[in-house]
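Working notes, structure below.
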Amino acid sequence: MSPIPRTWHLALTLCCSILLAGCGREPGPAAAPGTQGETTARPALIPAPASLQPRDGSFRFDASTRLSADGEAAQRVAAQFAALVATTNGIEPAPAGGGQDAGTGIVFAIDPAVSADAPEGYLLEVAPEGVRVAASDERGLFYGAVTLWQLLSSAQGQAVRIPALRIEDAPRFGWRGLMLDSARHFQSVDEIKQLLDAMARHKLNTFHWHLGDDQGWRIEIPKYPKLMEVAACRIPAGEAGTDPATGETRPYCGYYTQAQIRDIVAYAAQRHITVVPEFDMPGHVQAVVAAYPQYGSLGDTPPVSNEWGVHQYLFNVEEETFVFIEDVLDEIVALFPSTYIHIGGDEAVKDQWQQSPIVQARMKELGIADETALQSWFIKRLETYLEGKGRRLLGWDEILDGGLPPRATVMSWRGTEGGITAAQAGHDVVMTPWDKLYLDYLQTMSPNEPPGRPTQVTLQTVYDFEPVPEVLTAAQRKHILGVQANVWTEHMRTWPRVQHALFPRVAALAESAWSPAGRKDYADFLTRLPAQLARYRAFGIAYAQTPFEVLATATDDRRAGTVEVALENPLGYAIRYTLDGSEPDADSPLYEAPIGATLPVEIRAAAFAGTSPLAPAARHAYDAASLLVRSDEQLATCPDTGRLLLRLEDDGPADGERALYNVTIFYPCWLWADADLDGIASAKVRLGRMPYYFQLAHDEPARKFMAAETEHGELLVQAGGCNGRTVARQPLPGTTGADGFVEVDVPFEGVTGSTDLCFTTTGDTRPAMWVVDRVALVPR
Ligand code: TNX
């Protein structure tokens, strides 16, 4: 029996999980069993509300609870609330039939007196006799409903007791954004709707939709049919671009019809989300130029790109090109009611403008000094056009170069500096720095991460980002409209991969975007996260498992036949493990220090919140044979290989599972540090082959490779590091085997002791490069 009365106990746990201060971290389930089959919810709200005051008592929610709502707006919100609760708790509360019912029930009310000076705000009062959610408009009421649903879904079950409380809440920022790139890979209407649903449940309100890029144009524009016939399709690089059955090319195509876009915009509006479209220009337009080469700078007809990176194609600045751009903007303005229209402006390297006689001639005619000033002129012209339509121009921070249009809003992605400069000059800003909020960067070092960019943007990186820079004055701070995370989809061919990138990091974003800065507490957020994961599961969201995995790093002594294994959970949740092959549970030993073991050993380990595992247990097994093997993920990258490490997916097979490789694309090279070669006769190196599908613009000269001595290049193995002596130089074949790999035997003549083994291949990495998949040492 607890020595403190139940009410107090509730109030105290509420303190811990919501009011942050001083209680210390309390792991454990979000709910405790109560009487009569009911569970008691420990509130796990994400994002944390601005203010929460515990009250005495609790409210019981079950199948008999009635909902009342007066007026259409409140009834709409009540219906949305009922659908949420039905999904997580398995009961659909019954409407009370209009009017504000006095019995135990939940009242949704539009009340002009509530939160009138706090846009999107609401008041939520939970008392033993009933619950009241009130706001001055439908948006605020919707957010109140989401909070109440989160209170109820902090516990599972059809009868839930929630503590009495009063929440007064409103968002910190008016721009709580998420960008999805539908150009590099395309998502279905249904998938976009799933995203909008999830955004609303996180109280995010701005969906920035990246609808055109070098690799594809995705908006139906009837006046320009080649945008759909040509610009919406590309032939994927390598094997994936060919149908294995027929040998014909297999294009990757997709665009949204105007009807689909209207449907999505309306769907978003019902969830209080504004859709901000992006038409990226004057760069990132290779797909458009492929369809209409007359709008390009050099007059040539490129293919729609099937490569990633920074491309060269730029619009020209002729009047007929502006006719095209304005025609397209007219359609965009008609489809999207948002105040802001995003015109891109990023990564427009100026080489083509420098090389183009027509651009140069026009530049002189206009009396414009250089290409940077020309881009500024281009963007200003777009602003004038959009302002004339009653809209506002938004662009990536490169629109600062050469001077901003008067009312432009800046999306700061190359760090926060662009945002600071813009705010200091009196412009509005949305913060979305790549190193904090780019969700195409991977979130853990797990070998189970999907393709992406291995530079880490962890859950905590996203959580800790503070959108308002300290250097700004109070007046300048008002220009920070909010924050946004961006999902670039070069490496996300499928919807599960997009979801992996989004969740749970979107939960961290939501808290930065909504909760007051002083209410943020990462440790406390982690105690609320398990309840959020349960909600994700209820809605079928394929959130990333990797942050909840247990990773292992082994140090071995092959001769002694021992291994020491350090375990780690990327989020720092407690780890429990077993050594007998059984599934770890709440009674299994808690991991405290590296585990020393004699081979063979099998460690099963899971991260726990209280008594519940957060993900299926990982299995880390070591035996004499496994110590001789390293996968590409376990190998280090070589020194001086440039900064761009990518986790890439093989180009084939066209259907089915593809191998993944960690590759430093400027100079592919892998290192086995401190390899113990005593008693080793040779190595078997398995290699795959991939197209080199990158455009690196001015970074291109940094691409390196060694000259080949034979037709298809050689595998080069060096001992003593990458400048050490050559151990083997084995010629490579022209193609891989049917499985997509080749295996090369590397004899170690006279190499003993411990050494750093360096693996690279010779020959041009364009059009295709060899990539190491695994290295296995073979004993004598
Ligand atoms: C930079 S962010 C880009 C995108 C890429 C992204 C990959 C921005 C305005 N441009 O084109 O997809 O990096 O992280």
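A few notes on this one:
- For the range 252-334, the spread of Cα positions along each principal axis, largest first, Å: 45, 30, 19
- In Å, descending, principal axis extents of the Cα set of the chain: 87, 79, 54
- nm² value of the averaged projected area, convex hull over the Cα atoms of the range 436-588: 12.9
- Couplings 3J(HN,Hα) for the range 362-376, derived from phi with the Karplus relation 6.51 cos²θ - 1.76 cosθ + 1.60 (θ = phi - 60°), are 5, 4, 5, 4, 7, x, 9, 5, 8, 5, 5, 5, 5, 4, 4 Hz, where x marks Gly and Pro.
- Considering only Cα atoms, the convex hull volume of the range 507-594 works out to 149 Å³ per residue.
- Using a cutoff of 8 angstrom between alpha carbon atoms and counting only pairs six or more residues apart, the relative contact order for the chain works out to 10 percent.
- As an equivalent ellipsoid, the range 479-553 spans semi-axes of 22, 18, 13 angstrom, where each value is the square root of five times an eigenvalue of the C-alpha gyration tensor, largest first.
- For the range 549-623, Kirkwood radius (reciprocal of mean inverse C-alpha pair distance, Å): 12.3
- Per-residue HN-Hα couplings for the range 635-644 [Karplus 6.51, -1.76, 1.60; θ = phi - 60°; Hz; x = Gly/Pro]: 6, 7, 8, 6, x, 6, 9, x, 8, 9
- Net +/- balance of residues flanking F539 in space, Cβ distance below 15 Å, scoring K and R +1, D and E -1: +2
- Proximal charge balance of V550 [Cβ under 10 Å; K/R count +1, D/E count -1]: +1
- Lysine pair count for the chain with Cα-Cα distance under 18 Å and sequence separation of 8 or more or different chains is 7.
- Backbone N atoms of the range 67-89 closer than 18 Å to the 7 Å Cα→Cβ label point of Q158 belong to residues 67, 82-89.
- Here the accessible area is traced with a 1.4 Å probe on the protein chains. For the range 295-360, carbon and sulfur cover 52 percent of it.
- Extension gain, A538 back to T249 (0.36 nm per residue minus Cα-Cα distance, nm): 100.0 nm
- Taking a quarter of the surface of the Cα convex hull of the range 629-779 gives a mean projected area of 8.8 nm².
- Packing around the peptides 426-432, 671-677, taken as the average count of other Cβ atoms within 10 Å per residue, puts them in this order, highest first: 426-432, 671-677.
- Placed amide H near Y591: partners under 5 Å, 5+ positions off or other chain: I575, R576, Y577
- Hull-based mean projected area of the range 59-164, where the convex hull spans the alpha carbons, in square nanometres: 5.6
- Charge-dipole axis of the range 189-293 as Lys and Arg at +1 and Asp and Glu at -1 on Cβ define it, positive-most pick from L204, V230, Y255: L204
- Karplus-derived 3J(HN,Hα) values for the range 409-419, using 6.51 cos²θ - 1.76 cosθ + 1.60 with θ = phi - 60°, are 10, 10, 9, 8, 10, 8, x, 9, 4, x, x Hz; glycine and proline are entered as x.
- Base-10 log of normalised Debye intensity for the range 398-440 (one unit scatterer per alpha-carbon) at q = 0.29 Å⁻¹: -0.98
- Normalised size of the range 600-704, defined as Cα radius of gyration per 2.2 N^0.38 Å with N residues, equals 1.42.
- A369 versus D745: modelled label distance in nm, points set 7 Å from Cα along the beta carbon direction: 6.8
- Its Cα gyration tensor gives the range 336-382 an equivalent ellipsoid. The semi-axes, each the square root of 5 times an eigenvalue, are 24, 12, 8 Å from largest down.
- Charge context of P47, other residues only, Cβ under 13 angstrom, K/R +1, D/E -1: +2
- If you model the range 151-276 as an ellipsoid using its alpha carbon gyration tensor, with each semi-axis the square root of five times an eigenvalue, the axes come out at 39, 19, 12 Å, biggest first.
- In nm, spacing of pseudo-spin labels at D699 and A474 (7 Å Cα→C-beta vector): 4.2
- Mean residue ellipticity (222 nm) of the chain, computed from DSSP H runs ≥ 4 via -39,500 (n - 2.57), nearest 500: -7000 deg cm²/dmol
- Per residue, the range 514-606 exposes 42 Å² of accessible surface when a 1.4 Å probe is rolled over the protein heavy atoms with every protein chain present.
- The alpha carbon radius of gyration of the range 302-419, expressed as a multiple of 2.2 N^0.38 Å, is 1.08.
- Given in Å, the Rg to one decimal and the Dmax to the nearest whole number for the Cα atoms of the range 175-515 are 19.5, 65.
- Sequence-distant residues sharing a close amide H with G713 (under 5 Å, placed H): L732
- Percentage relative contact order, the range 522-631, counting C-alpha pairs under 8 Å, at least six apart: 24
- Taking amide H as placed 1.01 Å from N in the peptide plane, the amide H of D70 sits under 5 Å from that of F108, I110, each at least 5 places away or on another chain.
- The protection proxy used here, the mean number of other Cβ atoms lying within 10 Å of each residue, ranks peptides 636-642, 330-336 as follows, highest first: 330-336, 636-642.
- A624 paired with N448, simple spin-label distance in nm, labels 7 Å along Cα-to-beta-carbon: 3.0
The values are calculated or read from the model by the stated rules, or taken from the named source; none is laboratory data. Since the structure is predicted, the reported quantities are computational estimates derived from the model, not experimental observations. Cβ sites come from the backbone with ideal geometry, for glycine too, and all protein chains shown count toward neighbours. For the accessible areas, the whole protein counts, side chains as well, though only heavy atoms, and no ligand, DNA or RNA atoms are used. Shrake-Rupley method; radii C 1.70, N 1.55, O 1.52, S 1.80 Å.
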